[in-house]
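The next block holds one structure in the form of structure tokens; read it before the comments.
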Amino acid sequence: MKKTKVMNRIIVLALFVFYLYALLRIILFKFRWRDMTFLWYQLQRNLGNPDNLMYQLQRGNFSPLKTIFINIQSLSGWHELSNLLGNIAAFIPFGMFLVLLSKNKGLSFIGVLARSLSLSLCLECLQVVFSIGIFDVDDLILNTFGGLLGYCAIKLYDKVYSKFIVNTSSIVQDRDIVEK
């Protein structure tokens, strides 16, 4: 039994690492291949010329809900919908993995909120530093919401599953009492 738990934990951890790799590829590289030479060049260029970083920051959105409302008002195409739902969906597994990897699934709602926001903030900042995207506070909101949805989904599953197991075991016990 203990061996199975260890193997399950290793598998979940491996899936989490793969998920983080995929998340980095999707958010930072927008499904395009970028090699380390390109990233190193971008980093040197931006750190060597702070005006590039300032320009990247000036292009960013620091007004909460601005991009979200624009996307909702112009939901005419795939781009707007994918921006809204994609940012949420990309972080749902993150919230799930956080719960699955925490001891006794004891990570709190606030803990998941803080970790989802932190990871999202790191990714947004990396987009600025490498000039491969713009900083958008709405992405922070959507990504964090996605992480919280993943957390709630796992907690709901646990509650329903434990209720089902408890109900099933009591039915089995009732049947055993009747049969005796």
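All told, Phe109 falls short of being within 21 Å of Tyr151 (Cα to Cα) and out of contact with any Lys or Arg (no Cβ under 9 Å at 6 or more places or on another chain). Every listed requirement among (1) more than 17 Å from Tyr151 (Cα to Cα); (2) among the aromatic types (Phe, Trp, Tyr); (3) in contact (Cβ under 8 Å) with a residue 24 or more places away in the chain is met by Phe91 save one, (1). For segment 96-109, how many residues meet the condition of being of a type outside the set (Phe, Trp, Tyr), buried (at least 16 other Cβ atoms within 10 Å of the Cβ) and out of contact with any Leu (no Cβ under 6 Å at 6 or more places or on another chain)? Qualifying residue count for the region: 2. The requirement of being within 14 Å of the chain's Cα centre (by Cα) and at negative phi is fulfilled nowhere in segment 53-60; no residue meets it.
Taking the stated definitions as given, is Val112 out of contact with any Cys (no Cβ under 6 Å at 6 or more places or on another chain), farther than 30 Å from Asp158 by Cα and open to solvent by less than 30 Å² (accessible area, probe 1.4 Å)? In short, no.
Yes or no: Ser169 surrounded by fewer than 16 Cβ atoms within 10 Å (Cβ to Cβ), hydroxyl-bearing (Ser, Thr, Tyr) and modelled with pLDDT under 90?
Answer is yes for this residue.
Failed condition for Asn83, given (1) more than 17 Å from Asn143 (Cα to Cα); (2) surrounded by 13 or more Cβ atoms within 10 Å (Cβ to Cβ); (3) without any contact (Cβ under 8 Å) to a residue 24 or more places away in the chain, with all others met? Here Asn83 clears every test but (1). Are any residues in segment 120-152 in contact (Cβ under 8 Å) with a residue 24 or more places away in the chain, among the aliphatic types (A, V, I, L, M), open to solvent by 40 Å² or more (accessible area, probe 1.4 Å) and part of a helix (DSSP H, G or I), and if so, which ones? Hits for segment 120-152 are Leu126, Val129, Ile141, Leu149. Checking Ile88, Ile92 one by one, the residue that is open to solvent by 40 Å² or more (accessible area, probe 1.4 Å), in a helix (DSSP H, G or I), out of contact with any Ser or Thr (no Cβ under 8 Å at 6 or more places or on another chain) and at pLDDT 95 or above is Ile92 and no other.
Residues that are open to solvent by 100 Å² or more (accessible area, probe 1.4 Å) and closer than 12 Å to Phe130 by Cα number at least 3 in the following helices (runs of 4 or more DSSP H) confined to segment 30-75: 36-48. Do we find that Lys5 is open to solvent by 60 Å² or more (accessible area, probe 1.4 Å), in contact with a helix residue (DSSP H, G or I) (Cβ under 9 Å, 6 or more places away or on another chain) and of a type outside the set (Val, Ile, Thr) in this structure? No; evaluated as a whole, the condition is false for this residue.
The values are calculated or read from the model by the stated rules, or taken from the named source; none is laboratory data. Remember, predicted model here, so these are calculated numbers, not experimental data. Every residue, glycine as well, gets a Cβ built from its backbone with ideal geometry; the counts of neighbours run over all protein chains shown. Each accessible area value is taken on the protein alone, full model and side chains, heavy atoms only, with ligands, DNA and RNA left out. Shrake-Rupley method; radii C 1.70, N 1.55, O 1.52, S 1.80 Å.
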